[in-house]
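As structure tokens, the structure follows; a few thoughts come after it.
Every number here is computed from the coordinates shown, using simple stated rules; none is lab data. Source: prediction; values computed, not measured. With ideal geometry, Cβ positions are generated from the backbone for all residues, glycine too; neighbour counts draw on all protein chains shown.
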Amino acid sequence: MASTVSHHGHLIDGHFVAGDEFSENRNPSNTDDLIGLYARGQQKDVDAAIAAAAEAFTKWSSTRPAERSAALQRISVGITAREAELADMLAREEGKTLAEATGEVKRAAATFSYYAGEILHAQGAVYQSLATPASIQTVHRPVGVVGIITPWNFPIAIPAWKAAPALAYGNTVVLKPAELTPGTSWLLAEIIHQSGLPNGVFNFVMGSGRLIGTRLTESPLVKAITFTGSSSVGKSVANSAVEHGLKKVQLEMGGKNPLIVMDDADINTAVAAAADGAFGSTGQRCTASSRLVVHDTIHDRFVDALVARMQSIIVGDARASDTTMGPVVSESELQQDLDYIALGQREGGNLAFGGTTLEAETSGYYLQPTLLTDTDNSWRLNQEEIFGPVASVIRVHDYEEAIHVANDVDYGLSAGIITTSLARAHDFAARSRAGILSVNRSTAGTDLHVPFGGNRASSYGSREQGTAARSFFTTTASIYTNPGEV
Ligand code: NAD
């Protein structure tokens, strides 16, 4: 019988091209479900995409903002028109629930729409010279070819929040999606292609990070690299990008985010924030609340209530209507989660809930939401990013200890506090070393028009999203004009 498995090629210079080699894309909720075969790019593919983007840059960078705005709006409309198909693919290949996947698709559409509007705003400023008659004007110019490297956990939202501003400000793009989740990103590439952008403005090459990603960082034709992924890979991406032509670099990386629960916290708010932050999207979010820093006097009540909440989480097929937590994305990620759970117990943690895999009708990577209590912040469990549905509780005895523990980690992406004290909320916001601060809410979930990013091992370079994106995707020129003699 002829195979019905579909093959998906790269988008290079306005054409989808078949690859020479393909990788399987399998459903983590049902490993018997082969979603499709996706091209595994070679150096010639990425080189052709970079050359096409470089060729297209001159024209695209001189188009009027209204033209770019209209193109982005068409992409937004295209995403919305295919929302159900995109959400189904996202849930099927990544393991998010359909509700979570639909939310991510909506955000991608809104992001393109946002930058369609943002590019219509006045760009630049006028200054008066301090000591000469010159007038001074600043303009923001596109950087050139931008290489975009994305992770598997947000396969449409992250490509959208990098590609939309890149295109809006007049850059051309080569996007490399993660190997584990090429399907949703491929559909986005198809929608962008169908929106009628000139050939070469947006290119899409799948394949390994080591080959395709590295080539993007090394090519002299690429002028900027925006990367989201792990801190270890991010560091090598930055080193290579700087070594090869001092490219602009923007890195968004891992997190080990604390949620402080103070003695005066509203218990329902605390449990809702912790459950969402730790187990939403199966805990596979850079902003996940993996460390729950809990005041001694509320500790037992909080743990009991959180465990009760965890008992109501329904783990299952990401596309089943009653599922509230989908599977882990892959076998190796599942093994890593299990290894960290075992390590946490060896380090002295108490397994308060979960810790084991679950059987389902289909063979998938199902893991119980897991909580370890009586843990110490210095342990590897609490210092290294796990990136799964695993949270630990660290007991503290006063507010000062809570702040110290929250900050005592290499990462600095997101941090939260649950408190009814306005004074503590303000103090926390002033003293937390994270880039995203939350009071009485989950550490995960951010608005698309607000700067996004963290500090230390979590982020490098300028902030993403909202108006902040302009500083990465443009370069500023200051123009001095002397009026001369009348
Ligand atoms: P990863 O670092 O393994 O891979 C990210 C991307 O880099 C992939 O496309 C991969 O193919 C590519 N890559 C791998 N090696 C490369 C190399 N040598 N040169 C160039 N590119 C290379 O990360 P992942 O497992 O896909 O994603 C999970 C990580 O992403 C977690 O650490 C998570 O915290 C982080 N993340 C951060 C944010 C954020 O905004 N801060 C958001 C989502 C995910």
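Taking packing as the residue-averaged number of other Cβ atoms within 10 angstrom, the listed peptides 222-235, 52-65 run from highest to lowest as 222-235, 52-65. Given +1 at the Cβ of Lys and Arg, -1 at the Cβ of Asp and Glu and no other charges, the dipole of the stretch 224-300 around its Cα centre is 680 debye to the nearest 20. The Cβ shell under 14 Å around Ala116 holds other residues with a net charge of +1, Lys and Arg each +1, Asp and Glu each -1. Calculated on the alpha-carbon coordinates, the convex hull of the stretch 208-322 measures out at 145 cubic angstrom per residue. On the beta carbon distance between Ile136 and Leu246, with R0 = 25 Å, the FRET formula returns roughly 0.40. Per residue, the convex hull spanned by the Cα atoms of the stretch 113-271 amounts to 222 cubic angstrom.
Given their separation in residues at 0.36 nm each and the Cα-Cα distance between them, Asp32 and Tyr480 gain 154.8 nm when the chain is fully extended. Neighbours of Gln43 by Cβ distance under 15 Å: Lys/Arg scored +1, Asp/Glu scored -1, total 0. For a modelled paramagnetic label at Ala468, 7 Å from Cα along Cα-to-Cβ, the residues of the stretch 423-437 in reach, with backbone nitrogen under 18 Å, are 429-437. Among the listed pairs Lys44/Lys256; Lys96/Lys223; Lys176/Lys247; Lys162/Lys247; Lys176/Lys248; Lys162/Lys256, a Cα-Cα separation exceeding 27 Å is found for Lys44/Lys256; Lys96/Lys223. Oblate is the label for the chain. Its Cα gyration tensor axes, ordered a ≥ b ≥ c, give a/c of at least 1.5 and b/c at or above a/b.
Mean residue ellipticity, 222 nm, helices only, the chain: the sum of -39500 (n - 2.57) across DSSP H runs of n ≥ 4, divided by residue count and rounded to 500, is -12000 deg cm²/dmol. Extending 7 Å from Cα along the Cβ direction at Thr356 and again at Gln73 yields two label points whose distance is 5.7 nm.
Centre-to-centre separation between the Cα atoms of the stretch 224-273 and those of the stretch 369-388: 17 Å. The convex hull built on the alpha-carbon positions of the stretch 244-296 has an orientation-averaged projected area of 5.4 nm². The modelled label-to-label distance for the pair Asn440/Lys44, using points 7 Å beyond Cα in the direction of Cβ, is 6.2 nm. Measuring nothing but how far apart in sequence close Cα pairs (under 8 Å, 6+ apart) lie, relative to its length, the chain scores a relative contact order of 18 percent. When the Cα gyration tensor is reduced to axis lengths a ≥ b ≥ c, the ratio a/c is 1.5 or higher for the stretch 1-101, and with a/b not above b/c it is classed as oblate.
Placing unit charges on C-beta atoms (Lys and Arg positive, Asp and Glu negative, everything else neutral), compute the dipole magnitude of the chain about its Cα centre in debye, rounded to 20. Computed about the Cα centre, the dipole is about 1740 debye.
On the beta carbon distance between Ser129 and Leu422, with R0 = 41 Å, the FRET formula returns roughly 0.35. Subtracting the Cα-Cα distance of Ser208 and Gln335 from 0.36 nm times their residue separation leaves 43.6 nm of extension gain. In the stretch 111-254, the DSSP beta bridges split such that about 20 percent are antiparallel, to the nearest 5.
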